[in-house]
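Beneath this line is the structure, given in C-alpha cells, with notes to follow.
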2 protein chains.
Amino acid sequence: MTHLFDPGPVSEPYASLVGAYPGSDVYPPASFRAEWGPIFHRGRLDGSAHLLVIGQDPAQSEAIVRRILVGEAGHRTQGLMAKLGFTRSYLLINTFLYSVYGQTGGEQHKDDQQIVDYRNSWLRSIFGGNTIEVVLALGSLADDAWQKWKQTPVGQTYSPAYAHVTHPTEPESSSGGSAAKLTAAIAAMLQNWNQALATLHPLVTHPDVPGPLVPYGDSFAPGDRIEIPEFDAPAGIPEWMRSPAAWAQRVGKTAADKRANITITIPAGVI
Amino acid sequence: MTHLFDPGPVSEPYASLVGAYPGSDVYPPASFRAEWGPIFHRGRLDGSAHLLVIGQDPAQSEAIVRRILVGEAGHRTQGLMAKLGFTRSYLLINTFLYSVYGQTGGEQHKDDQQIVDYRNSWLRSIFGGNTIEVVLALGSLADDAWQKWKQTPVGQTYSPAYAHVTHPTEPESSSGGSAAKLTAAIAAMLQNWNQALATLHPLVTHPDVPGPLVPYGDSFAPGDRIEIPEFDAPAGIPEWMRSPAAWAQRVGKTAADKRANITITIPAGVI
C-alpha cells in the first residue's frame with residue numbers, strides 16, 4: 001500500500017513566505033495563541049489549485065497536524081468543496097496564522113497592517129501561481145480578508161467567482177448548547193451554502209469531478225462531511241488525525257491551564 | 001527574522017520510501033505503538049550528511065514534532081554530535097519506525113525480515129546519496145541494526161568509522177528512580193561516550209565546526225545538551241517543542257488510557 005502525503009510549503013514562493021512569518025510582535029498574545037506556532041495552509045501548493053478557500057483561524061487539532069481545517073469545520077468544508085466538484089485542486093488558507101484567543105481577538109486585529117500585508121503576500125503568490133476560478137470565504141472575517149485583498153493593486157487584476165458563506169462551525173458558536181437552536185442554525189447555514197453553490201457551480205470550469213449540483217438538505221446527510229485526504233497531511237500522520245473524531249481538546253482547570261494544554265486522545269477502536 | 005525549517009522527506013529517494021512505509025501488519029501493535037504513525041528521521045536528506053546516527057525508537061514528543069530524537073535523548077545526542085564537530089551535516093534514523101511498547105517489544109522483533117528490509121532500504125539510499133564518514137549507534141538494538149546492514153551485499157561496500165555507544169537515556173532506564181544510581185550511570189555512559197569520541201574524532205574529515213576534542217566530565221556540563229535546531233523541525237513548529245522541557249507526557253489511569261493519550265503542556269514562561 002502506497003501512502004500519499006503533502007510535502008508542505010517547501011518550494012518557492014511559499015518557502016520564503018514561511019521563512020518570513022510574523023510572530024507575537026504582530027499577533028499579540030492577548031488576542032492570539034501565538035505560542036502554538038503559525039499554521040499556514042492545506043491543499044495544493046504546486047500550482048494546480050482552482051478553488052481557494054479562506055478560513056478564519058486554526059483550532060487545536062490543526063496545531064498538531066500543522067495543516068488548517070482538519071477538524072469538524074474542515075470535514076464540513078471538504079464536503080462543501082466536493083459539492084463544487086473539487087476533491088483535490090483546492091488550496092485553503094486562513095485569515096489569521098494563529099488561533100484567535102477570546103471572543104473579540106479577531107475583530108480587534110482584522111485591520112492590523114502587518115497581518116493584512118503578510119496574508120496578501122500569500123494571496124499574491126497564490127493568484128500568481130495558480131488559475132483560481134472560485135474563491136470561498138468562510139465567515140465574515142474571511143470575507144473582510146478577501147475585500148482587503150481586492151483593494152490592492154494586484155488583487156484588482158483578478159476576478160474569480162466569489163462567495164462569502166456562513167462559517168462551518170457558526171451553528172455551534174451561535175446556539176449556546178441548545179440542540180433546537182443548533183438544528184435550526186445548521187439548516188440556515190446549509191440554505192446559505194446552497195445559495196452560494198447555485199451561484200458558483202455553473203462558473204466552475206475545471207472541476208476534479210464534474211457533475212450536476214446536489215444541494216444540501218436541512219441537515220448534514222451521510223457523505224456531506226468528508227474525511228481529510230491523506231494527500232493533504234504531512235508524511236506519517238495517522239489516519240485518525242484526519243477523521244471526524246474530536247481527538248484534540250484544550251483541558252485545564254483554569255483559563256491559563258487550558259491555554260497551555262492540548263490533550264490528544266486516540267478515538268476508541270483505533271488501538 | 002527569517003525562520004528556517006526542515007522540508008522533510010519530500011524528494012527522491014526518500015519520498016518513495018515514505019510512501020511505502022510498513023504498517024501494523026509488519027509492526028505488531030502488541031509490541032509497537034503503530035497507532036501514532038511512523039516517524040522517519042531528523043536532519044539532512046539533501047545529500048550533505050557526513051554523520052549518520054542510528055537511534056532506537058520514537059517517544060511521545062517525536063510523535064508530535066514528527067522528527068526523531070527531539071526530546072531528552074535528542075538533546076544529549078545533539079551534544080554528542082557537536083563533540084565530533086557536527087552541527088548540521090548529520091542524519092538520524094531509528095531502528096524502529098514506531099515507538100516500542102513494553103519491555104521486550106524491540107528485542108522480540110529485531111530479526112523480523114520486513115522491519116530489517118525497510119530499514120536497509122533507507123540505509124541503501126543514505127549511503128548511496130551521502131558521503132557518510134562516521135556512524136554512531138545509540139544502544140544495542142541500533143548496533144544490531146547496523147550489523148544487519150553490514151551483512152548485506154551493499155552494506156559490505158561501505159566502511160565508515162563506526163561506534164556503538166550507550167543509549168543516551170539508558171541511565172534513566174537502568175537506575176529505577178535512584179538518584180545515586182542515575183548519577184553513576186550517567187558517569188559510566190559519558191566515559192563510554194568519551195571512548196567512542198577518542199576513536200572517532202581523528203577520523204572526521206568534514207566537520208561543520210573543526211576543533212580539538214573536548215571530552216565529557218563525570219556529568220553533563222552546561223552546553224553538553226544542545227537544543228534541537230530550528231532547521232531540523234517542520235515549518236512553524238514553536239521553539240518550546242525543540243527545548244529540553246518535558247512538554248509531552250503519556251497520561252492515564254490505566255495502561256490502555258495511557259497508550260491512547262499524549263498530553264501536551266507548554267512549559268512555564270512561554271505564554
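The values are calculated or read from the model by the stated rules, or taken from the named source; none is laboratory data. The model shown is predicted, which means the values in this text are computed figures rather than measured ones. So basically every Cβ, Gly included, is an ideal-geometry build from the backbone, and we count neighbours across all protein chains shown. The accessibility values were calculated without ligands, DNA or RNA, using every heavy atom of the protein model including side chains. Shrake-Rupley method; radii C 1.70, N 1.55, O 1.52, S 1.80 Å.
Is it true that some residue in segment A:3-17 is assigned to a strand (DSSP E or B), at pLDDT 95 or above and more than 30 Å from A:A255 (Cβ to Cβ)?
Among the residues of segment A:3-17, not one is assigned to a strand (DSSP E or B), at pLDDT 95 or above and more than 30 Å from A:A255 (Cβ to Cβ), which makes the answer no.
What pairs can you find where one residue is in segment A:1-20 and within 8 Å of chain B (Cβ to nearest Cβ), the other is surrounded by 19 or more Cβ atoms within 10 Å (Cβ to Cβ) and modelled with pLDDT under 95, and their Cβ atoms are less than 6 Å apart, with a gap of 6+ or different chains?
Listed pairs, sorted by first residue: none to list.
Please verify whether B:S31 is touching a residue at least 40 places away in the same chain (Cβ under 8 Å), open to solvent by less than 10 Å² (accessible area, probe 1.4 Å) and among the polar types (S, T, N, Q), treating the condition exactly as stated.
So B:S31 passes the test.
Under 7 Å by Cβ, and 6 or more places apart or on different chains, what pairs join a residue from segment A:251-269 that is at the interface with chain B (Cβ under 7 Å from one of its Cβ atoms) and under 15 Å from B:K258 (Cβ atoms) with one that is open to solvent by 70 Å² or more (accessible area, probe 1.4 Å) and not small (G, A, S)?
As it stands, the answer is A:T263/A:Q249; A:T263/A:V251, since those pairs meet every condition given.
If I ask for residues that are over 16 Å from A:M189 (Cα atoms) and in contact with a Gly (Cβ under 9 Å, 6 or more places away or on another chain), which ones from segment A:214-229 would you list?
A:G223, A:I226, A:I228
Does any residue of segment B:89-105 turn out to be at pLDDT below 95, within 14 Å of chain A (Cβ to nearest Cβ) and open to solvent by 10 Å² or more (accessible area, probe 1.4 Å)?
Among the residues of segment B:89-105, at least one is at pLDDT below 95, within 14 Å of chain A (Cβ to nearest Cβ) and open to solvent by 10 Å² or more (accessible area, probe 1.4 Å), which makes the answer yes.
For segment A:63-77, how many residues meet the condition of being more than 14 Å from chain B (Cβ to nearest Cβ), charged (D, E, K, R) and surrounded by 23 or more Cβ atoms within 10 Å (Cβ to Cβ)?
Counting residues in segment A:63-77 that are more than 14 Å from chain B (Cβ to nearest Cβ), charged (D, E, K, R) and surrounded by 23 or more Cβ atoms within 10 Å (Cβ to Cβ) gives 1.
Under 7 Å between Cβ atoms, at least 6 apart or on separate chains: pull out the pairs that start in segment A:216-229 with a residue that is within 19 Å of A:H201 (Cα to Cα) and end on any residue that is assigned to a loop (DSSP other than H, G, I, E, B) and open to solvent by 70 Å² or more (accessible area, probe 1.4 Å).
A:R225/A:P244
Hey, could you check segment A:223-249 for residues that are touching a strand residue (DSSP E or B) at 6+ places or on another chain (Cβ under 7 Å) and either more than 11 Å from every other protein chain (Cβ to nearest Cβ) or open to solvent by 40 Å² or more (accessible area, probe 1.4 Å) (or both) and say which is nearest to B:V270 (Cα to Cα)?
A:Q249
In segment A:1-33, which residue that is farther than 12 Å from A:I115 by Cβ and among the aliphatic types (A, V, I, L, M) is farthest from the chain's Cα centre (by Cα)?
Result: A:M1.
Working only within segment B:145-186, note down all residues that are outside any loop (DSSP other than H, G, I, E, B) and under 15 Å from the mean Cα position of the chain (by Cα).
B:A145, B:W146, B:A163, B:H164, B:V165, B:E170 - these are the residues of segment B:145-186 that are outside any loop (DSSP other than H, G, I, E, B) and under 15 Å from the mean Cα position of the chain (by Cα).
Do you know which residues across segment B:21-47 are away from chain A (no Cβ under 12 Å), in contact with a Leu (Cβ under 9 Å, 6 or more places away or on another chain) and either part of a loop (DSSP other than H, G, I, E, B) or at pLDDT below 95 (or both)?
Scanning segment B:21-47 gives B:Y27, B:R44.
Search segment A:230-271 for residues being of a type in the set (V, I, T) and assigned to a loop (DSSP other than H, G, I, E, B), and hand back the single one that is modelled with the lowest pLDDT.
Restricting to residues being of a type in the set (V, I, T) and assigned to a loop (DSSP other than H, G, I, E, B), the top hit is A:I271.
Within segment A:187-214, can you find the residues that are in contact (Cβ under 8 Å) with a residue 40 or more places away in the chain and outside any helix (DSSP H, G or I)?
A:V204, A:T205, A:H206, A:P207, A:D208, A:V209, A:P210, A:G211, A:L213, A:V214
Mind counting the residues in segment A:98-122 that are out of contact with any strand residue (DSSP E or B) (no Cβ under 8 Å at 6 or more places or on another chain) and hydrophobic (A, V, I, L, M, F, W, C)?
The qualifying residues number 2.
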